[in-house]
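The block underneath contains the structure these notes are about, expressed in structure tokens.
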Amino acid sequence: MIEIGELSLALAMAVSVYATIASFWGGRTDNDVLIRSGQNAYFAMLGLFTLASVVLLHAFTSRDFTVEYVYNYSSRDLAMFYTISAFWAGQKGSLLLWAWMLSLFGTIAILQNRKKNRHIMPYVTGILSASLIHFSSLMIFASPVFERMSLIPPDGHGLNPMLQNPGMIFHPPTLYIGFVGFAIPFAFAMAALMRRQEGDVWIRSTRRWTIFSWFFLLMGNLLGANWAYVELGWGGYWAWDPVENASFMPWLVGTAYLHSVMIQEKKNMLKFWNVSLVAVTFCLTMFGTFITRSGLISSVHSFGASTVGTQFGFFLILVVVFSVTLIAMRRDMLQSENQLDSILSRESSFLFNNLILLGAAFAVMWGTTFPMISEAVRGVKITVGPPFFNIVMVPIGLFLLVLTGLCPLIAWRKASLDNLKRNFLLPFLAAVLGGAAMLALGMREIMAWLFFVAAVFVMATIVMEFIRGVRSRTAGGKENAVTGTYNLVARNKRRYGGYVIHAGMVAMFVGFTGNVWNRSVEASVKPGQQVKIGGYTVTYMGTEYTKPKPSKEKYAATLLLEQDGQKLGYLRPEKNIYHNLDQLTDEMPMPNSEVAIRSTLKEDLYVIFAALNEDHTATIKVLINPLVIWLWIGGFIMGVGTLIAMWPDKREKKLLDAALAQTTSA
């Protein structure tokens, strides 16, 4: 069975080389036979990577510890749920998952465009196939997926306790979908440049791919934040870890691109800027994957020192050189046909929005790579921690939040005084009144106050736009408010889906701002003793010991929770000890915390069972994290808005068909 997997990967690499050559040569010579052959070869790669994935999954489920990767990431007592998720728990499986997804997405994109975009599709296929040469060669030479063990162990090494969480089944694949998905708009953009196809056809053809990828990067980051919050036991959801940043940077640049393309579609401007943004986004997905696997950074997420870093770095350099060279060579066809007429215009506001997002991405990249730079220059690795990111990103976030309210409503070309009054007077008054009310209620933290005032302003602009739209539809009496709202959104999905996304973003910023009021207390207590914080009383009742499986010991503390004398219930945080049953290694037991959280719209009570001490006391850490739930609510709202914006639209299809017809006739 394992030999089938090895053969599949070898054939996949050979087929990817052929698909690359056939597609590029077929596109250059307009040879339909070669073009179709290259596409069919790409379809074959999907079958080969699928077969290899099935073989690896079978090795995990059958506990085939002769495979080194299966041995290192599973064991006989590992639940099947986590045994399956172990497929992508390590470097080798994640590379195979990446290659399979890229072959799947590429196949879908080719099938979608077999009868359109015919001039650029051979180059799209060639670019995607070239990427698969890289990934298949990694899995064959640098990091063999089906590498065998020299000895046959009786049991596996087991899965890291931190990975034994439901987040493991969702978070990594979601991020990979976002990473891999951005390869499609990148391939279309580069193919359009190679073919000298002018216009925005490639943008319209890949709009849903871009939103799809952006959405999954967003959800991947949120799922990772939630995983850290409930699993790592430090009380927070974002630590500015290098690998967290690796997925955050392409999302920031991708967000800038999604806003910027609207200017090209409306005003035929920023062509050079847009193609550069999509190239940078793709390069950042490669960069994030590189630093995760190179061993150059220290992170709880990274795969440690490995043999793939050099080859991945070389591929990243090739992608950057290819993109920069091609864009520079085609700069003549990327000239804007219009110019900015006024600073007070929607075009300018979108441009400012882009600059802020790129500034945020640069700040995150600088903080992430500075330890590597300092070590290379001075021989000393200087760690950049959360204080740096908080100082830099807080003002950037505030500007970004304010622009979220300004960008969609300010007029195109040049905003008049009447336009500004009509669109922003009421939101401004709402923000002033809201800010005054917060001061009257005792809010004195200046940055929190500024963020909440900005949040009120942005929400007021969104609500006002919905009210205006619904009023215009119900004015004649033919539609009621519910029908009017539905039709308003259904006929303007992109616009109102964007408003919903912005509303979700406001909710998320409310969640971020709650960090200002975080509080914590830690104490060692005996049964019957209490820990008090912020009106809550936590009484330690005792600890229960169980051994649910040979490799795991569980200590569960029982805590009575009361608030202002009223009983709220019991919490059961855990301290688990995982033992390695593998006879080939002699590792120390690994402790792991399972926190207990009580969430309300106002705050989370977060309890960590830090230790059970020799004197029979339990060390309990209790935190109050205000407004955290709004982070998850905001993510959900942004997800709903994204689905609305992605929903098929007949008018957009007509515009794309018209653009394709114009390109074909030209």
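The values are calculated or read from the model by the stated rules, or taken from the named source; none is laboratory data. The model shown is predicted, which means the values in this text are computed figures rather than measured ones. Cβ coordinates were reconstructed from backbone atoms using ideal geometry, including for glycine residues, and neighbour counts include every protein chain displayed.
Identify all residues within region 201-215 that are over 15 Å from the mean Cα position of the chain (by Cα), of a type outside the set (Gly, Ala, Ser) and assigned to a helix (DSSP H, G or I); write none if there are none.
VAL201, TRP202, ILE203, ARG204, ARG207, ARG208
Scan TYR257, TYR229 and give me the residue that is in a helix (DSSP H, G or I), under 30 Å from ILE391 (Cβ atoms) and touching a Phe, Trp or Tyr at 6+ places or on another chain (Cβ under 8 Å).
From the options TYR257, TYR229, the qualifying one is TYR229.
Please indicate, with yes or no, whether at least one residue in region 297-306 is modelled with pLDDT under 85 and assigned to a helix (DSSP H, G or I).
no
Out of (1) in contact with an Asp or Glu (Cβ under 9 Å, 6 or more places away or on another chain); (2) surrounded by fewer than 24 Cβ atoms within 10 Å (Cβ to Cβ); (3) under 17 Å from ASN113 (Cβ atoms), the odd one out for MET194 is which?
All conditions pass for MET194, except number (1).
Where in region 416-503 are there helices (runs of 4 or more DSSP H), lying fully within it, with 1 or more residues that are within 30 Å of TRP517 (Cβ to Cβ)?
Answer list for region 416-503: 417-440, 446-474.
List pairs: first residue in region 480-495 and over 23 Å from GLY405 (Cα atoms), second residue of a type outside the set (Ser, Thr, Tyr) anywhere in the structure, Cβ distance under 7 angstrom, at least six positions apart or on different chains.
Pairs found: ALA481/VAL470; GLY484/VAL470; GLY484/ARG473; ASN487/ARG473; ASN487/GLU479.
Quick one: VAL54 ticks every box in (1) surrounded by 16 or more Cβ atoms within 10 Å (Cβ to Cβ); (2) among the hydrophobic types (A, V, I, L, M, F, W, C); (3) within 30 Å of ASN160 (Cβ to Cβ) bar one, so which box is it?
Tallying (1) surrounded by 16 or more Cβ atoms within 10 Å (Cβ to Cβ); (2) among the hydrophobic types (A, V, I, L, M, F, W, C); (3) within 30 Å of ASN160 (Cβ to Cβ), VAL54 fails exactly one: (1).
Only one of (1) within 21 Å of TYR229 (Cβ to Cβ); (2) touching a residue at least 40 places away in the same chain (Cβ under 8 Å) fails for VAL525. Which number is that?
Condition not satisfied by VAL525: (1).
Hey, among the residues in region 354-407 that are in contact with a Lys or Arg (Cβ under 8 Å, 6 or more places away or on another chain) and either basic (Lys, Arg) or assigned to a helix (DSSP H, G or I) (or both), which one's surrounded by the fewest Cβ atoms within 10 Å (Cβ to Cβ)?
Here the answer is GLU375.
Among the residues of region 262-288 satisfying the criterion of being at pLDDT 90 or above and among the aliphatic types (A, V, I, L, M), which is surrounded by the fewest Cβ atoms within 10 Å (Cβ to Cβ)?
This residue is VAL280.
Does region 406-421 contain any residue that is aromatic (Phe, Trp, Tyr) and in the same structural domain as ALA239 (by TED's automatic domain parsing)?
The answer is no; no qualifying residue exists.
Being buried (at least 22 other Cβ atoms within 10 Å of the Cβ), in contact with a Phe, Trp or Tyr (Cβ under 6 Å, 6 or more places away or on another chain) and part of a helix (DSSP H, G or I) narrows it down to one of GLY126, GLY156, so name that one.
Of the residues listed, the single one that is buried (at least 22 other Cβ atoms within 10 Å of the Cβ), in contact with a Phe, Trp or Tyr (Cβ under 6 Å, 6 or more places away or on another chain) and part of a helix (DSSP H, G or I) is GLY126.
Among PHE65, PHE87, which is the only one that is under 26 Å from ASP155 (Cα atoms) and not in a helix (DSSP H, G or I)?
After applying the criteria, what remains is PHE65.
Condition (residue is at pLDDT 95 or above, under 19 Å from VAL230 (Cα atoms) and among the acidic types (Asp, Glu)) applied to region 583-601: is it met by at least one residue?
No - not one qualifying residue is present in region 583-601.
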